[in-house]
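The values are calculated or read from the model by the stated rules, or taken from the named source; none is laboratory data. Being a predicted model, the structure only gives us computed values, none of them experimental. Don't worry about glycine lacking a Cβ; one is built from the backbone with ideal geometry, like all the others, and counts go over all protein chains shown.
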Ligand SMILES: Nc1ncnc2c1ncn2[C@@H]1O[C@H](COP(=O)(O)OP(=O)(O)O)[C@@H](O)[C@H]1O
Ligand SMILES: [Mg+2]
């Protein structure tokens, strides 16, 4: 039932991928060990938006953390590989990176917007301080003026006025805080951004604005996105390809178009079937936000 590594490769996009996950297995070593991710394989194309869908508890967050090596005990990677394909043609085995290499790699090549991230900003520091801190940590040679400039730049990109650099998190709306977290993830121009339910806590209007923003930024800056949500219809609108997880396994991996037309796995059909409004064409939203490279 699981998508095999070969199938995942065959279903990859034409462009050279930026990330290859092969047979990744993650176990929570609790009294009753739980295999939360079972032999998951996928490839992420450069500049692609890959949706990862599935009901709560199916292993989406566990997979995202493991890819980024952010998993903590009792979680343990029990098998498989995660390889990052650099622009210059080199491959980096993420599971082999040591502490300092890993720290440098994170945020600069692969960044993550965590589930509930908008509540993870430091309440006693300004937005500007927190952006500056991240820049400093990764590039000690960058001048203060340049750091300020870059911080203002990323805020503008996500639609937040740079005057907000002086604001504290509580002075911003939930939507704005979430935009700040996306700005933070973009700060070092990573090639991959993993977003775990980035808009779930927001109302529908704000959610759509932010999604539109993410698609537009991807078109402009050409980073790849793994967009995680339990909301499959949402992915049909923004994703190039969609992976569906069910009980720790990737059971479906195909273009959004194909998934919309005829999902292979009964569980995907069930997920789609629970949204009766999903018939006919995909919305204009997708077509507007998409480059000719996209699947639409
Ligand atoms: N710290 C933990 N200890 C033990 N089991 C866990 C832990 N975190 C998650 N799990 C289990 O792993 C599975 C996947 O969880 P998770 O990755 O959070 O799913 P999702 O993000 O899809 O909602 C769940 O069945 C959950 O019970
Ligand atoms: Mg989750």
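Values computed for the structure shown
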item	result
Single residue of 96, 78, 66 found to be out of contact with any helix residue (DSSP H, G or I) (no Cβ under 7 Å at 6 or more places or on another chain) and away from ligand 1 (no atom under 16 Å from the Cβ)	96
Criterion: modelled with pLDDT of 50 or more and in contact with a helix residue (DSSP H, G or I) (Cβ under 6 Å, 6 or more places away or on another chain) - qualifying residue of 239, 296, 224	239
Qualifying positions in the range 166-187 - crowded, with 19+ Cβ neighbours inside 10 Å and more than 26 Å from residue 231 (Cα to Cα)	169, 187
Residue check for residue 217: away from ligand 2 (no atom under 16 Å from the Cβ), at pLDDT 90 or above, closer than 30 Å to residue 28 by Cα and not in a loop (DSSP other than H, G, I, E, B)	no
Residues of the range 46-74 classified as under 16 Å from residue 102 (Cβ atoms) and near ligand 2 (Cβ under 9 Å from one of its atoms), total	1
Sole residue being closer than 28 Å to residue 83 by Cα and within 23 Å of the chain's Cα centre (by Cα), chosen from 140, 111, 120, 151	111
Test: residue in the range 84-94 that is in contact with a strand residue (DSSP E or B) (Cβ under 6 Å, 6 or more places away or on another chain), in a strand (DSSP E or B), under 29 Å from residue 232 (Cβ atoms) and at pLDDT 95 or above	yes
Selected residue (criterion: nearest to ligand 1 (Cβ to nearest atom)) from residues of the range 245-271 that are farther than 23 Å from residue 38 by Cβ and in contact (Cβ under 8 Å) with a residue 40 or more places away in the chain	256
Subset of the range 43-63 [closer than 25 Å to residue 16 by Cβ and surrounded by fewer than 23 Cβ atoms within 10 Å (Cβ to Cβ)]	45, 46, 47
Pairs with Cβ under 7 Å, 6+ apart, first in the range 53-67 and touching a residue at least 40 places away in the same chain (Cβ under 8 Å) and at positive phi, second more than 6 Å from ligand 1 (Cβ to nearest atom) and not in a loop (DSSP other than H, G, I, E, B)	54/244; 54/245; 54/246; 59/37; 59/245
Some residue of the range 95-108 being within 29 Å of residue 30 (Cα to Cα) and in contact with a strand residue (DSSP E or B) (Cβ under 7 Å, 6 or more places away or on another chain)	yes
